[in-house]
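Trainee: Structure provided below as structure tokens; questions to follow.
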Amino acid sequence: MQISFSQEIQLRVRYSETDQMGFCYYGHYASFLESARVETLRSLGISYRKIEEGGILLPVTSLQIDYKKPLRYDELFSIHTKLVSLSACTVTFDYVFYNQANEITTTASTTLVFTDAKSLRPVRIPNNIIDTLRAYEIAEK
């Protein structure tokens, strides 16, 4: 199912997130993506906590990232997160980072698999989540 839902959050690069060059260290970007993803789902009324309480985990199985411009200490930046697709057991998000000058600094994509917490096997996306996201489904041509 193709989905079109987007959300934007703003963050600031903290001193502890920079490297010796004064740039935001690349290893912190996965954490930024997680914050953006969680807030995107939260804005839809979907709670990671409730998913996990229901015995389902959402591990990231694919992360692709392209760094175009560095972010620096104390720089405010925004992450535009778009929920782009669902399959029987996966969800994919695309991300675009913008600096204060509204320049694209980073693009990324993650895919997560709905997974049974006990068996660690993929499971179907719960119906309540499918029902919520169906409102944002793009009609296939």
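Please treat every number below as a calculation from the coordinates, not as lab data. Being a predicted model, the structure only gives us computed values, none of them experimental. Note that we place each Cβ from the backbone using ideal geometry, even for glycine, and neighbour counts take in every protein chain shown.
Trainee: Suppose only helical runs count, i.e. DSSP H with n ≥ 4. What mean residue ellipticity at 222 nm does that imply for the chain under -39500 (n - 2.57) per run, divided by all residues and rounded to the nearest 500 deg cm²/dmol?
Mentor: -6000 deg cm²/dmol
Trainee: Something else about it: If the reach is capped at under 15 angstrom between alpha carbons, list the aspartates and glutamates near K68, excluding any in the same chain fewer than eight residues apart.
Mentor: E103
Trainee: Let me ask something additional. Express the relative contact order of the chain as a whole percentage, based on alpha carbon pairs under 8 Å and six or more residues apart in sequence.
Mentor: For the chain, the relative contact order is 31 percent.
Trainee: 7 Å from Cα along Cα→Cβ at both S85 and Q10: what's the point-to-point distance in nm?
Mentor: Taking the simple label geometry, S85 and Q10 are separated by 3.3 nm.
Trainee: With a cut-off of 8 Å between alpha carbons and a minimum separation of six or more residues, what is the relative contact order of the range 82-141 in percent?
Mentor: 25 percent
Trainee: Separate question: Once R0 is set to 35 Å, what does the formula 1/(1 + (r/R0)^6) return for the Cβ-Cβ distance between Y26 and E137, expressed as a FRET efficiency to the nearest 0.05?
Mentor: 0.55
Trainee: Next question. So how tilted is helix 29-43 from the main axis of the chain? Cα-based, degrees 0 to 90, rounded to 10.
Mentor: The two axes meet at around 50 degrees.
Trainee: Something else now. Treat each spin label as a single point 7 Å out from the Cα along the C-beta direction, and report the Q2 to Y67 distance in nm.
Mentor: Computed distance between label sites Q2 and Y67 equals 3.3 nm.
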